[in-house]
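*Asks:* Let me begin by handing over the structure; questions about it come next.
What follows draws every value from the coordinates through simple rules; no lab data is involved. Fair warning: this is a prediction, and the values are worked out from it, not measured in the lab. Positions of Cβ are generated from backbone atoms using ideal geometry, with glycine treated the same way; all protein chains shown enter the neighbour counts.
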Amino acid sequence: QVQLVQSGAEVKKPGASVKVSCKASGYTFSGYYMHWARQAPGQGLEWLGRMNPTSGDTNYAQKFQGRVTMTRDTSISTAYLELSSLRSDDTAVYYCASGPGGGVFDYWGQGTLVTVSS
Amino acid sequence: DIQMTQSPSSLSASVGDRVTITCRASQGIRNDLGWYQQKPGQAPKRLIYAASRLQSGVPSRFSGSGSGTEFSLTISSLQPEDFATYYCLQHNNYPITFGQGTRLEIK
C-alpha cells in the first residue's frame, strides 16, 4: 500500500533552517510529483510547492521563494523540504503528499510539527 | 491566485442528516478539484477527486459535483465518524489553493 512516512518533530530558533524528510513506498516514487503543504495551529492548509522526482524540477509558491528548497534522493525514494530563515509564524505541521491515485494530494504523510521559538 | 470560497465555515447536523458543503472558485477550474476530510491530529484524507470521482475505499454516502466555478460535497446520511473538518482544493492553476475549511459538528 502507498505510504509516506515523514521525519519527526523539530524545534528551531528564529533564523535557523529545518529539513523535513518524506519516505515513499508502495508506488513508483519517480512517477508522481511530490507536493508539500503546511497547516499552522488551528488554521487552514497552505501549499508550499511541488517537485518532479524524476528531473528534480520544482515550482514554489511565491510567498516562499528564496526560503524553500525541495530535493530528493531517488535511490531511497525520499523527498526533502528545507525551509530557511525561520520565523515564529512558520510554526506549523508540514505535510508531503503524492501517489498514483489521480489528481494531486491523493496520499499524505503523517505530518511533521516544526516549532519555531526562541 | 485562484481564491476558493468555501461555505458554510461551520455546520451543526445530526446523525442521519444530509449535508452539502460548497466551494466557489474565483475563476473557472474545469473539474480540477478535490475534497478532503481532516480529523483532529490527523493528516487530511482525500474523499473526492476530479470534482466527482470517489476515492477508492471512501463510503458511497460521499459524493461530489460541479464544474467550472461551483462545486459541492454532499454526505447523504451523516455517520458519527463523519464529524470533521472538510476542505476543497483546486489544482487547475498554480499555486494550488485550498478553501478555508468547513467544520462539521454534532448537533
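*Asks:* Provide Rg over Rh for chain A; use the alpha carbon set for both Rg and the Kirkwood Rh (inverse mean inverse pair distance).
*Replies:* 0.95
*Asks:* Kindly state, to the nearest 0.05, the FRET efficiency for A:Arg67 paired with B:Gln100, given R0 = 30 Å and r defined as their beta-carbon distance.
*Replies:* Step by step, r from the Cβ atoms, then E = 0.80.
*Asks:* Apply the Karplus parameterisation 6.51 cos²θ - 1.76 cosθ + 1.60, with θ equal to phi minus 60°, to every residue of segment A:25-40 and state each ³J(HN,Hα) to the nearest whole Hz, in sequence, with x for glycine and proline.
*Replies:* 8, x, 7, 7, 3, 6, x, 9, 3, 9, 9, 10, 9, 9, 9, 5
*Asks:* Short version: ³J(HN,Hα) in whole Hz for each residue of segment A:62-74, in order, from phi by Karplus 6.51 cos²θ - 1.76 cosθ + 1.60 (θ = phi - 60°), x for Gly and Pro, what are they?
*Replies:* Per residue, the Karplus-derived 3J(HN,Hα) values read 4, 4, 9, 3, x, 10, 10, 9, 10, 9, 8, 10, 5 Hz.
*Asks:* Which percent, to the nearest 5, of DSSP beta bridges fully inside chain A are antiparallel?
*Replies:* So the antiparallel bridges in chain A amount to around 90 percent.
*Asks:* Just to be sure I follow: if Rg is taken over the C-alpha atoms of chain B and Rh is the Kirkwood radius over the same atoms, what is Rg/Rh?
*Replies:* 0.95
*Asks:* Take peptide A:106-113, look around each residue's Cβ out to 10 angstrom, count Cβ atoms belonging to other protein chains, and average those counts.
*Replies:* The shielding value for this peptide is 3.
*Asks:* Now for a different question. May I ask you to evaluate 6.51 cos²θ - 1.76 cosθ + 1.60, the Karplus curve with θ = phi - 60°, for each residue of segment B:67-78 and list the ³J(HN,Hα) values in order in whole Hz, giving x for glycine and proline?
*Replies:* 6, x, 10, 10, 9, 9, 10, 10, 10, 6, 8, 4
*Asks:* Provide, in order from the shortest bin, the percent of all Cα-Cα pairs of the protein assembly as shown in each 10 Å bin, continuing until the bin that contains the maximum pair distance.
*Replies:* 8, 33, 36, 19, 4, 0
*Asks:* Now for a separate question. Where in segment B:46-107 are there GluC sites (Glu not before Pro) that are in a DSSP coil and have at most 13 other Cβ atoms within 10 angstrom of their Cβ?
*Replies:* In loop regions of segment B:46-107 (DSSP not H, G, I, E or B), there are no sparsely surrounded GluC sites (Glu not before Pro).
*Asks:* A further question follows. How far apart, in nm, are the 7 Å Cα→Cβ label points at A:Ser30 and A:Gln3?
*Replies:* 2.3
*Asks:* I've got another one for you. What lysines does B:Lys107 reach when the alpha-carbon gap must be under 29 Å and sequence neighbours fewer than 8 apart in one chain are set aside?
*Replies:* Partners found: B:Lys39, B:Lys45.
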